[in-house]
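Scroll down for the structure; my scribbles are underneath it.
The values are calculated or read from the model by the stated rules, or taken from the named source; none is laboratory data. Source: prediction; values computed, not measured. Note: ideal-geometry Cβ built from the backbone for every residue, glycine included; neighbour counts use all protein chains shown. All accessible areas refer to the heavy atoms of the entire protein, side chains included, with ligands and DNA or RNA removed. Shrake-Rupley method; radii C 1.70, N 1.55, O 1.52, S 1.80 Å.
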Amino acid sequence: MNISDVAKKTGLTSKAIRFYEEKGLVTAPARSENGYRRYAQKHIEELTLLRQARQVGFTLGECQELVALFHNPDRHSADVKARTLEKAAEIERHIQELKTMHERLLTLAEACPGDDGAECPIIDNLSGCCHKH
C-alpha cells in the first residue's frame with residue numbers, strides 16, 4: 001500500500017503520516033526497491049489510533065505511549081483506562097479554566113461603554129491601571 005492509499009484509509013494527510021514516521025510514533029514502513037514506502041495493515045491501525053487519540057486530546061508523547069500499549073500483548077486495560085481517565089480530568093480542568101476566562105471576558109465587556117470615547121475599562125482592568133487618561 002502506498003502513502004496516498006494510507007491517507008485515504010486513515011483520514012490523515014501524507015504530510016501528517018510522514019510527520020508521525022519522523023517522530024517515531026509509528027513502525028517504520030518497508031521500502032521498495034525504488035525507495036517508496038510500503039505500508040501494511042499494522043500501519044493503518046497505528047495511524048488510525050494516532051488520529052483518533054489526537055482528536056480526543058492526547059499529546060504526541062501520550063500517543064506514543066498508546067501505540068506502545070497497542071503493540072504490547074501483556075498490556076493491562078486498567079493502565080489504558082487510567083491514562084484515559086487522567087486525560088479526561090485534564091480536559092475537565094481546561095474546560096473550567098476556559099469557563100472562568102469566558103466569564104471574566106463577559107464581565108469586562110459589560111463594564112465597557114463600547115462607544116467612540118477613549119476611556120476603556122477593559123484596557124484599564126487588563127493593564128492593572130486605575131487612573132483615567
| query | In region 1-43, what count of residues is obtained for those that are in contact with a helix residue (DSSP H, G or I) (Cβ under 6 Å, 6 or more places away or on another chain), over 23 Å from GLY61 (Cα atoms) and among the aliphatic types (A, V, I, L, M)? | reply | 1
| query | Checking GLY35 against (1) at pLDDT 95 or above; (2) open to solvent by less than 50 Å² (accessible area, probe 1.4 Å), which test does it fail? | reply | (1)
| said: I'd like the residue in region 13-32 that is under 22 Å from ARG83 (Cβ atoms) and within 19 Å of the chain's Cα centre (by Cα) and, out of all such residues, is most open to solvent (accessible area, probe 1.4 Å). | reply: LYS23
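Considering only residues that are small (Gly, Ala, Ser) and part of a loop (DSSP other than H, G, I, E, B), which ones fall in region 77-132? Talk me through it step by step, then tell me what you get.
Kept after step one, since they are small (Gly, Ala, Ser), are these residues of region 77-132: 77-78, 82, 88-89, 109, 111, 114, 117-118, 127-128.
Of everything in region 77-132, those that are small (Gly, Ala, Ser) and part of a loop (DSSP other than H, G, I, E, B) turn out to be GLY114, GLY117, ALA118, GLY128.
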| said: Looking at region 24-48 only, could you name the residues that are in a helix (DSSP H, G or I) and more than 13 Å from ALA7 (Cα to Cα)? | reply: LYS42
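Looking at ARG18, ARG51, which one is in contact with a Gly (Cβ under 7 Å, 6 or more places away or on another chain), assigned to a helix (DSSP H, G or I) and among the basic types (Lys, Arg)? Before the answer, list the steps.
Numbers: ARG18 fails: in contact with a Gly (Cβ under 7 Å, 6 or more places away or on another chain).
Matching residue, one of ARG18, ARG51: ARG51.
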